[in-house]
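A.B. asks: If you scroll down you'll find the structure; I have some questions about it.
The values are calculated or read from the model by the stated rules, or taken from the named source; none is laboratory data. What you see is a predicted model; the values in this text were computed from it and never measured. Counting neighbours? That spans all protein chains shown, and the Cβs are built from the backbone with ideal geometry, glycine included. What goes into the accessible areas is simple: the full protein's heavy atoms, side chains included, and nothing from ligands, DNA or RNA. Shrake-Rupley method; radii C 1.70, N 1.55, O 1.52, S 1.80 Å.
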Amino acid sequence: MKTTIQEQDGNMVAILEGSLDTAAVPETEAAMSPLLDVAGKDIILDCTDLQYISSGGLRIFLGILKSAQAKGGQVFITGMNNDVRAVFAMTGFINIFKFK
Amino acid sequence: MANNVNLDAHGQELIRQYRELRPALKQLATQAYDELRQALDEQGIYVTAMEHRVKTEHSLAGKLELKGAKYKSIDDITDLVGLRIITFYSDEVDKVAAIAKRIFDIDWQDSVDKRKLHELDAFGYNSLHYICRLRTGGPRFELQMRTALQHVWSTMTHDTGYKGDVKIPREYLRQFSRLAGMMELIDDEFSRLRLVLADYRRQIQSMVKSGKLDEVPLSAGTFRSYLDLQPFNRLNKRIAAVNQAEIYPVPLMPFLPVLESFGLETIGDVQRFIDENSEDAYQLTVSQLAITDLDILSSSTALQNLCLVHVLKQGGGHAGLKAVFDTINGETTANAMLADMILEQAATLPFMSHK
């Protein structure tokens, strides 16, 4: 699992590549922790190359969303494949996030 | 000294005292504002605007030129610091006044309720002015309280020169009075309407709670009240038990247009929709989650699957499923994939063979 965070067009973008399974949660959570401090910018979670997401991964996404909303920011998800989208639909998380 | 103003020695002395006092006045304005802001927040009173100012030297000099002899010392001038609160409704002016009475000392001798000063056969449209002092002492300050419409009236009459030095002909004064009367009526009607709506809301909530659901039309307000009863909790808990999942609460109001699109017209219809589809929605969820280890769900899971099952049982098929996702999450091409996925997951479930 590889996580890259960079600034693009005034937004903070996290590019997620690989499988965010239970084993990958701790390192991904640490890699994405700078997003918890983002204020005044929108956050984009680029899931184009994310192959799978576990409950732990959903919790990381949720933590980032709650942190951003508390500061008046927004979180968008882009480029989900069908498997990841299916997880979001089954868990009702599809009703929580905004998608681009 | 301010331009174009001629003050006598007494006036100049008052200006000197004002300059000395000015830093304390600035501090007073901020402190009075903060105390009132905090008290309003604590009482949950939302106002359209709240402002504070220290009278400028130019403005004070103009006042002293006109009636400087009236004031023995700078302490006699009560509007050096001014706070203005603009509320939405006329009854909120009284609430703000009650709060001001609680947190400040009011100088009743100099306070004016201009709303009560009018002759019976005349209209006027003014605000409530209190002369206050902080409980900790210090100079007095003026607190103006008015509604948004009173503020509009005040601003516009000032702009049109109603209070200027030119004598306004009687016919125009009468037109001002007619407008003021109309504004008072509008203010009162807004307050009355708010009370009527609050009463209606309470009635509906009471009907929902007492179970007279078929008498309650489905609307944003009634659906919100119905959600207070947590009608999807039971199914959500049953679903969560499949994987011992935690449930993350989310707003369910976005589902209202979906329920309306099903032709549900009363809260009773919604209750029947839940009763008739719960078992099948549970079966659909089991077919989705049992093969996963997903142990976090949003509280929209039950309602989402109730909607999907309803569509399938009504023969809505792929188009109907996609329409549900389009309504809740906005139209995207990915919703077609989700519709396909649901069709596949539901294909072998009992309700699909009985529809």
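A.B. asks: May I ask you to say which residue of B:Thr332, B:Thr348 is part of a loop (DSSP other than H, G, I, E, B) and within 11 Å of chain A (Cβ to nearest Cβ)?
C.D. replies: B:Thr332
A.B. asks: Separate question: How many residues are under 20 Å from the mean Cα position of the chain (by Cα) and open to solvent by 60 Å² or more (accessible area, probe 1.4 Å) if we restrict to the stretch B:181-204?
C.D. replies: Total meeting the criteria: 14.
A.B. asks: So in the stretch B:275-328, with the set limited to residues that are in a loop (DSSP other than H, G, I, E, B) and within 16 Å of B:Pro257 (Cβ to Cβ), which one is farthest from the other protein chains (Cβ to nearest Cβ)?
C.D. replies: Once the filter is applied, the top-ranked residue is B:Gly316.
A.B. asks: Further question: Could you tell me whether B:Glu171 is open to solvent by 40 Å² or more (accessible area, probe 1.4 Å) and within 27 Å of the chain's Cα centre (by Cα)?
C.D. replies: Here the answer is no, as B:Glu171 does not meet what is asked.
A.B. asks: For the subset of the stretch B:248-258 comprising residues that are facing chain A (nearest Cβ under 9 Å) and not in a loop (DSSP other than H, G, I, E, B), which member is nearest to the chain's Cα centre (by Cα)?
C.D. replies: Of everything passing the filter in the stretch B:248-258, B:Pro254 is nearest to the chain's Cα centre (by Cα).
A.B. asks: Determine whether the stretch B:74-84 contains at least one residue that is open to solvent by 20 Å² or more (accessible area, probe 1.4 Å), without any contact (Cβ under 8 Å) to a residue 40 or more places away in the chain, out of contact with any Asp or Glu (no Cβ under 7 Å at 6 or more places or on another chain) and not in a loop (DSSP other than H, G, I, E, B).
C.D. replies: yes
A.B. asks: Moving to a separate point now. Only strands (runs of 3 or more DSSP E) wholly contained in the stretch A:1-79 count here; list those with 2 or more residues that are under 23 Å from B:Tyr248 (Cβ atoms) and of a type in the set (Val, Ile, Thr).
C.D. replies: A:43-53, A:75-78
A.B. asks: If I filter the stretch B:88-111 down to residues being hydrophobic (A, V, I, L, M, F, W, C), open to solvent by less than 50 Å² (accessible area, probe 1.4 Å) and outside any helix (DSSP H, G or I), which single residue comes out as modelled with the highest pLDDT?
C.D. replies: Step by step, filter the stretch B:88-111, then rank; the result is B:Phe104.
A.B. asks: Six or more apart or on different chains, Cβ atoms under 7 Å: show the pairs whose first residue is in the stretch A:87-100 and within 19 Å of B:Ala245 (Cα to Cα) and more than 7 Å from chain B (Cβ to nearest Cβ) and whose second is open to solvent by less than 10 Å² (accessible area, probe 1.4 Å) and assigned to a helix (DSSP H, G or I).
C.D. replies: Listed by first residue and then by second, the contacts come to A:Phe88/A:Ile94.
A.B. asks: Moving on. So in the stretch A:22-54, with the set limited to residues that are within 14 Å of chain B (Cβ to nearest Cβ) and buried (at least 20 other Cβ atoms within 10 Å of the Cβ), which one is farthest from A:Asp9 (Cα to Cα)?
C.D. replies: The selected residue is A:Ser54.
A.B. asks: Before we move on, is B:Ile296 in contact with a Lys or Arg (Cβ under 8 Å, 6 or more places away or on another chain) and within 13 Å of A:Met90 (Cα to Cα)?
C.D. replies: Yes.
A.B. asks: Give the number of residues within the stretch B:259-277 that are closer than 25 Å to B:Thr348 by Cβ and out of contact with any Lys or Arg (no Cβ under 8 Å at 6 or more places or on another chain).
C.D. replies: Of the residues in the stretch B:259-277, 5 are closer than 25 Å to B:Thr348 by Cβ and out of contact with any Lys or Arg (no Cβ under 8 Å at 6 or more places or on another chain).
A.B. asks: For the stretch A:31-48, which residues satisfy the criterion of being within 12 Å of the chain's Cα centre (by Cα) and farther than 13 Å from A:Gln74 by Cα?
C.D. replies: Residues satisfying the conditions are A:Ala31, A:Met32, A:Ser33, A:Asp46, A:Cys47, A:Thr48.
A.B. asks: While we're here: Kindly indicate which of B:Ala339, B:Ala346, B:Ala290 is under 21 Å from A:Val87 (Cβ atoms), among the small types (Gly, Ala, Ser), more than 38 Å from the chain's Cα centre (by Cα) and open to solvent by 50 Å² or more (accessible area, probe 1.4 Å).
C.D. replies: Answer to the check: B:Ala290.
A.B. asks: Here is a check on your reading of the model: is B:Tyr33 part of a helix (DSSP H, G or I) and under 30 Å from B:Ala98 (Cβ atoms)?
C.D. replies: Considered against the rule, which asks whether it is part of a helix (DSSP H, G or I) and under 30 Å from B:Ala98 (Cβ atoms), B:Tyr33 comes out as yes.
A.B. asks: Going by the conditions given, is A:Glu27 at negative phi, of a type in the set (D, E, K, R), at pLDDT 95 or above and more than 10 Å from the chain's Cα centre (by Cα)?
C.D. replies: Here the answer is yes, as A:Glu27 does meet what is asked.
A.B. asks: For residues that are over 25 Å from B:Ser298 (Cα atoms), open to solvent by 20 Å² or more (accessible area, probe 1.4 Å) and either within 12 Å of chain A (Cβ to nearest Cβ) or under 28 Å from the mean Cα position of the chain (by Cα) (or both), tally how many sit in the stretch B:210-247.
C.D. replies: Qualifying residue count for the region: 1.
A.B. asks: Of (1) more than 8 Å from chain B (Cβ to nearest Cβ); (2) under 13 Å from the mean Cα position of the chain (by Cα); (3) open to solvent by less than 20 Å² (accessible area, probe 1.4 Å), A:Gly73 satisfies all except one. Which?
C.D. replies: Looking at each condition in turn, A:Gly73 falls short on (2).
A.B. asks: Modelled with pLDDT of 90 or more and crowded, with 20+ Cβ neighbours inside 10 Å: is that true of A:Gly63 in this structure?
C.D. replies: No, not satisfied.
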